[in-house]
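Structure, as structure tokens:
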Amino acid sequence: MLVKTKEVAPSVYGITIPTPFLVGPVNVYIIEGERLTLVDTGVKTEEAKRVLEAELLELDYRFSDIELVILTHHHPDHIGLVEEFDHATIASHEKTKPWLEGDQHFFEQKNDFFRELYTAHGVDENIVALIEKSNAYYLKYTSRIGIDVTLSEGDRIEGLPGWSVIETPGHAQSQISLYRERDGVLISGDHLIAHISSNAIIEAPYKGETERPKTLLQYRDSLKKCLHVKRAFSGHGKPVEDPKALIEERLQKQIEKAKAIKNLLGEETLTSFELCKRLYPQMYTKQPGLTLSETLGHLDLLEEMNEVKAVNENSVYRYRKVD
């Protein structure tokens, strides 16, 4: 009888796949249910494909054995190899669709939105060009495929008895987590990671939406939805052994960081990009999209706390402390 040493929880097996990104390797998961299920696929590279094939063989499986693929969110390191499983049922959140289907109208609207957003927040043109170049780079590592099943809050998954969907937007608008009630196990994608706080990445509005989502506020709400979880298996790094403690720590640190940004603002009136450069003097040119997301997200939090307010001056938003 084959001994499956990759078992991380009953009937759940973890596989770690290399990526070419700064985030490092990505974790994907096999669930042995009524249908053999792969949660996330890894990035679209030949190296990642070879590793996934080899790791599946150690579990005595092949690509052709996978019957259901569930994607936790639309980022390339999680969806890149999905086209290798076009024989399987593909399931994800509705907001993964335009990314996988290569919806050009969606991409054009997204690009237009970000151009306006960056202008409104005082971002230098050379930094905008860097962000656009970075986005184009990441898109090279994605697949094109249709989605068969859309998943949303509370859905039970056909072929995976005992598992349900928790919508956990914040890091990504398409982010879902899979929860097994009987033992409190969560497969969290990038929602909850032990060694690093997930960036609540700015996104454009999706179809039917008119304003950008305030992603850090969303992320905080999503974290609170998972306080009951007993153990979480993440898209990166080691399992989260005490999710409640980690969530409470993350929520508190977000408040502390917001207050530090308020102190950095002092008595000045500054754009989010000016604050971003002060917060990340070395990193803002290397990871401009992520550092701007962090800055703007915490300004959203400060606005919600009525600690700062945004003032529109000549079509550019500047922030100042509330008197």
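Here are a few things to note about the model shown:
- Sorting 233-242, 30-39 by average packing, meaning the other beta carbons within 10 Å per residue, from highest down gives 30-39, 233-242.
- The stretch 194-264-the stretch 117-164 distance, computed between alpha-carbon centres (Å): 17
- Taken per residue, the accessible surface of the chain reaches 46 Å², heavy atoms only and a 1.4 Å probe.
- Heavy-atom surface analysis with a 1.4 Å probe gives the stretch 32-165 a carbon and sulfur content of 45 percent of its accessible area.
- Take every Cα pair under 8 Å whose residues are at least 6 apart in sequence, average their separation, divide by the length of the chain, and the relative contact order is 14 percent.
- The angle separating the long axis of helix 288-304 from the principal Cα axis of greatest extent in the chain is about 70 degrees.
- Subtracting the Cα-Cα distance of Met305 and Arg115 from 0.36 nm times their residue separation leaves 65.6 nm of extension gain.
- Shape of the stretch 187-305 from the C-alpha gyration tensor: prolate (a/c of 1.5 or more and a/b above b/c, with a ≥ b ≥ c the square roots of its eigenvalues).
- FRET efficiency, 1/(1 + (r/R0)^6) with R0 25 Å, evaluated for Glu241 and Glu32 via beta carbons: 0.65
- In the list [x] 36, 22, 17; [y] 41, 26, 16; [z] 46, 19, 15, the label attached to semi-axes √(5λ) of the Cα gyration tensor in Å as derived from the coordinates here is [x].
- Near His171, once Lys and Arg are set to +1 and Asp and Glu to -1 for all other residues with Cβ below 11 Å from its Cβ, the sum equals -2.
- Nearest-ten-degree value, helix 104-120 long axis tilted from longest Cα axis of the chain: 30
- Axis angle, to the nearest 10 degrees, between helix 125-139 and the longest C-alpha principal axis of the chain: 10 degrees.
- Cross-link pairs beyond the 19 Å C-alpha cut-off, checked among Lys44/Lys140; Lys97/Lys238; Lys225/Lys321; Lys262/Lys321; Lys224/Lys262: Lys97/Lys238; Lys225/Lys321; Lys224/Lys262
The values are calculated or read from the model by the stated rules, or taken from the named source; none is laboratory data. Nothing here was measured: the structure is a model prediction, and the numbers come from that model. Positions of Cβ are backbone-derived with ideal geometry, glycine not excepted, and every protein chain shown enters the neighbour counts. Note: areas computed on protein heavy atoms with side chains; ligands, DNA, RNA excluded. Shrake-Rupley method; radii C 1.70, N 1.55, O 1.52, S 1.80 Å.
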